[in-house]
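Here's the structure we're looking at; comments come further down.
The values are calculated or read from the model by the stated rules, or taken from the named source; none is laboratory data. These figures come from a predicted structure and were not determined experimentally. As a convention, Cβ positions derive from the backbone with ideal geometry for all residues, glycine included, and neighbour counts pool all protein chains shown.
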Amino acid sequence: MRELNKRASSVGIDILSVTDCFITHEHTDHVRGIKTFAKHTSSNIWASKETLSSNPGVKNTSDLTPNEPIFVGEVKVTPISTYHDAVNPLGFVVENESSKVLILTDTGKRPKDLDRYLDNLDMVVLEANHNVRMLENGPYPYPLKKRISSQLGHLCNEDSGEILADIVNRSKNPPACFLAHLSEENNKPQVALLDVANTLKSKGVLPGKDVQLEIASQHIPSKIVAF
Ligand SMILES: [Zn+2]
Ligand SMILES: [Zn+2]
């Protein structure tokens, strides 16, 4: 909570003012601290029923169902099913009248319902978890390598580039893209940027012109993007 508070204040957000918090799935890197956060704030905690059941004792919870939007004020949030070794994991489309954002991490492959949400995105936070060769040749034990590269694991840089190319081709304006959930062992910011850029170029999309690529760090908050 202290770290969350510190990071939020560094980008001008008062953590106590957060009204709604969305959880993708129950893995520790996504739920650590959620009980404390719920206890110290009055925020609603949204997740699939199965994710919530995996985290008993969290207060102010509300269930989400894939493809059934909910509203936070004028903001519409639509959960999308992802492919991951978790119980009913989700990604999110967040939109209001003027902007639309996709948040998609922790999926072994392109979500089956993704296509219906790809039009006119202004921003996307997209998993680029690993470089395939770095994972293959890296230090992880074989079963873990297999899990990460499986269809219930994580998106590699090339898969991420393929999804992003479709997003760009279906956007009116060049979207901003934050590559996220980069592995610290099996990827590097420069490698992810290069792999995604190469995939984009192979599909006729020019990074820097057609899409703005950024890296979301695990350690420092990303800049605030306004539309
Ligand atoms: Zn996960
Ligand atoms: Zn994760």
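Summary of values
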{"read-out": "Odd one out for Glu74, checked against (1) touching a strand residue (DSSP E or B) at 6+ places or on another chain (Cβ under 9 Å); (2) acidic (Asp, Glu); (3) more than 18 Å from Leu52 (Cβ to Cβ)", "value": "(1)"}
{"read-out": "First in the range 3-14 and acidic (Asp, Glu), second anywhere and part of a helix (DSSP H, G or I), Cβ under 9 Å, 6 or more apart", "value": "Asp14/Asn5; Asp14/Ala8"}
{"read-out": "Where a residue in the range 145-159 is at negative phi and its partner, wherever it lies, is of a type in the set (Asp, Glu) and at pLDDT below 95, with Cβ under 9 Å and at least six apart", "value": "none"}
{"read-out": "Qualifying residues in the range 48-60 (those that are buried (at least 19 other Cβ atoms within 10 Å of the Cβ) and among the hydroxyl-bearing types (Ser, Thr, Tyr)) - the one nearest to Phe92 (Cα to Cα)", "value": "Ser48"}
{"read-out": "Criterion (among the acidic types (Asp, Glu), free of Cβ contacts under 8 Å to residues at least 60 places away in the same chain, touching a strand residue (DSSP E or B) at 6+ places or on another chain (Cβ under 9 Å) and crowded, with 20+ Cβ neighbours inside 10 Å) met by exactly one of Glu68, Glu127", "value": "Glu127"}
{"read-out": "Some residue of the range 97-115 being in contact with a helix residue (DSSP H, G or I) (Cβ under 6 Å, 6 or more places away or on another chain), touching a residue at least 60 places away in the same chain (Cβ under 8 Å), within 29 Å of Phe227 (Cα to Cα) and within 16 Å of ligand 1 (Cβ to nearest atom)", "value": "no"}
{"read-out": "Matching entry among Phe178, Phe227 (being aromatic (Phe, Trp, Tyr) and either in contact with a Cys (Cβ under 7 Å, 6 or more places away or on another chain) or buried (at least 19 other Cβ atoms within 10 Å of the Cβ) (or both))", "value": "Phe178"}
{"read-out": "Among the residues listed as Gly153, Gly161, Gly138, the single one being more than 17 Å from Val196 (Cα to Cα), crowded, with 22+ Cβ neighbours inside 10 Å and not acidic (Asp, Glu)", "value": "Gly153"}
{"read-out": "In the range 87-96, the residues that are outside any strand (DSSP E or B) and either over 29 Å from Ser53 (Cα atoms) or more than 16 Å from ligand 1 (Cβ to nearest atom) (or both)", "value": "Asn96"}
{"read-out": "Residue that is more than 24 Å from Ser222 (Cα to Cα), within 14 Å of ligand 1 (Cβ to nearest atom) and in contact (Cβ under 8 Å) with a residue 24 or more places away in the chain, where the choices are His25, His84, His30", "value": "His84"}
{"read-out": "Residue count, the range 8-47 (criterion: more than 15 Å from ligand 2 (Cβ to nearest atom) and either under 18 Å from the mean Cα position of the chain (by Cα) or crowded, with 16+ Cβ neighbours inside 10 Å (or both))", "value": "12"}
{"read-out": "Gly57 vs. criteria within 16 Å of ligand 2 (Cβ to nearest atom), at positive phi and modelled with pLDDT under 95", "value": "no"}
